[in-house]
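This report refers to the structure that appears directly beneath it.
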Amino acid sequence: ALRAAASPTTADLTGQLRSIDWFQFEKLVALVYRKLGYAVTRRGGANPDGGIDLVIEKDGQRSAVQCKQWKTWSVGVKAVREFLGALTDAEIKKGIFITLCGYTGEAKQLAETHGIEIVNETGLAQMLESTDARFAPEALAILRDTRKFCPKCESEMVLRKATKGLGAG
């Protein structure tokens with residue numbers, strides 16, 4: 001009997017989400033929302049100020065999305081407060097905050113008070129699976145992309161090896 005090719009598990013997927021660059025992470029989130037039937041506009045991701053990364057629109061409803069590919073620490077109340085300020089400035093009522101690690105209790109409480117949807121890596125993996133986005137050729141290309149991008153200018157960075165000084169090697 002023929003065996004079906006093993007499909008990647010959620011653990012494989014979360015590993016891939018953690019290995020890609022912030023730029024690919026943002027592109028992948030945009031792809032998921034497109035698969036969910038949203039029109040997606042990218043706002044340019046190189047904002048350290050809790051800005052809006054994506055604006056998604058469906059059935060006349062606009063939402064703003066903040067992508068934080070933080071792998072080791074939880075999103076705190078300060079980041080949620082900054083996002084809330086960006087929503088107010090942009091006059092967008094609904095916000096969605098997506099990160100890999102999680103959220104502090106205070107951040108969750110603030111998000112809940114202001115109707116900001118919070119998504120962690122499990123939630124994002126489920127979104128990818130529910131839309132079959134993870135198997136889409138463009139998603140696979142993003143997940144396999146090992147390039148690194150500058151957070152200021154979004155140009156591809158070149159990995160260099162130091163030959164002198166303390167950081168040699």
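General remarks:
- Criterion: surrounded by 13 or more Cβ atoms within 10 Å (Cβ to Cβ), at pLDDT below 80 and of a type in the set (Lys, Arg) - qualifying residue of LYS148, LYS108: LYS148
- Residues that are at pLDDT 90 or above and among the acidic types (Asp, Glu) were ranked within the range 47-74; the one that is farthest from GLU121 (Cα to Cα) is ASP59.
- Verdict on GLU117 being open to solvent by less than 90 Å² (accessible area, probe 1.4 Å), charged (D, E, K, R) and modelled with pLDDT of 90 or more: yes
- Residue list for the range 61-75, restricted to those being of a type in the set (Lys, Arg), open to solvent by 50 Å² or more (accessible area, probe 1.4 Å) and without any contact (Cβ under 8 Å) to a residue 40 or more places away in the chain: ARG62
- Positions within the range 54-69 being more than 13 Å from VAL119 (Cβ to Cβ) and part of a loop (DSSP other than H, G, I, E, B), in sequence order: ASP59, GLY60
- Enumeration of residues in the range 108-139 that are among the aliphatic types (A, V, I, L, M) and under 14 Å from LYS68 (Cβ atoms): ALA111, ILE116, ILE118, VAL119, LEU124
- Filtered by the rule that a residue be surrounded by fewer than 22 Cβ atoms within 10 Å (Cβ to Cβ) and either small (Gly, Ala, Ser) or within 18 Å of the chain's Cα centre (by Cα) (or both), the range 82-99 gives GLU82, LEU84, GLY85, ALA86, LEU87, ALA90, LYS94, ILE96.
The values are calculated or read from the model by the stated rules, or taken from the named source; none is laboratory data. Please read these numbers as outputs of a predicted model, since none were measured by experiment. Using ideal geometry, Cβ is built from the backbone for each residue, glycine included, and neighbour counts are taken over all protein chains shown. For the accessible areas, the whole protein counts, side chains as well, though only heavy atoms, and no ligand, DNA or RNA atoms are used. Shrake-Rupley method; radii C 1.70, N 1.55, O 1.52, S 1.80 Å.
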